[in-house]
Every structure is written in C-alpha cells, then in structure tokens.
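The values are calculated or read from the model by the stated rules, or taken from the named source; none is laboratory data. All values derive from a computational prediction rather than experimental measurement. Positions of Cβ are generated from backbone atoms using ideal geometry, with glycine treated the same way; all protein chains shown enter the neighbour counts. Surface areas here come from the heavy atoms of the whole protein model, side chains and all, with no ligands, DNA or RNA. Shrake-Rupley method; radii C 1.70, N 1.55, O 1.52, S 1.80 Å.
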Amino acid sequence: WKFDQVPSCGVITLTQIVEKEQEILYVSHDEDDHGWQFLGNSVPKQKDVTVVSLQQIVDLDPSVQKVGDMPPGWFAYRSSGTSSWNKSPTNPDSDENSNTNTHE
C-alpha cells in the first residue's frame, strides 16, 4: 500500500467515476490536508462530487496505486485509462524533482 492514508480514508471523486461512466484521469494529493482527489476528464460540477473510501477507488481502478507514492502537493494525469501516469508538482518551484513518468 503506497498511499499515506489508510484504505478506509475518505477521498473526493465524482459519481460518474463511481458508476464507471468516466475513467480516473486526474489524481491530486493536496498539500494542505494530504487529502486525495480522483477526477475524470471534465470540469467537475458540485452536484457530482462525492466522498468514497480510498479502497473503493483502488478497487475501481487498481492503476491508481502507481501514483500512491506522490508527495503532498503533487498531481498525476493521463490521457486515457490505459495510458501511463504522468506526475508533476502542483507548484513547479517545489524542491521536489521535476516531472516524472510512471510507466505501466
């Protein structure tokens, strides 16, 4: 388990992802509260936002485990559910390394 949160931790996602209408294409690890967000390719609407367990997200898309080691303040994105994850700091002036690519 690479995530810094326990499997039962609540994370932010969209009902379309939970209902498998959208793939997870964007993951952020929030710097302020170390929370996680798992989003799709559209601009989220408040009515579509939901909270589920981190384990539920991993069960929906096991590939998210490849970004579970991202430090707070980083995000990952990909163009499709079968693409490799690309990781980057939210703030490019971060002391962390520059962009990395996690190959599947």
For the stretch 11-29, does any single residue satisfy the condition of being out of contact with any Phe, Trp or Tyr (no Cβ under 9 Å at 6 or more places or on another chain) and part of a strand (DSSP E or B)?
no
Every residue in the stretch 51-94 that is β-branched (Val, Ile, Thr), loosely packed, with under 15 Cβ neighbours inside 10 Å and touching a Ser or Thr at 6+ places or on another chain (Cβ under 8 Å), please.
51, 90
Residue that is farthest from the chain's Cα centre (by Cα), among those in the stretch 59-87 that are β-branched (Val, Ile, Thr) and under 15 Å from residue 40 (Cα atoms):
82
Output for the stretch 23-40, where each listed residue is open to solvent by 40 Å² or more (accessible area, probe 1.4 Å) and of a type in the set (S, T, N, Q):
37
Extreme residue, most open to solvent (accessible area, probe 1.4 Å), among residues of the stretch 41-50 that are assigned to a helix (DSSP H, G or I) and of a type outside the set (S, T, N, Q):
47
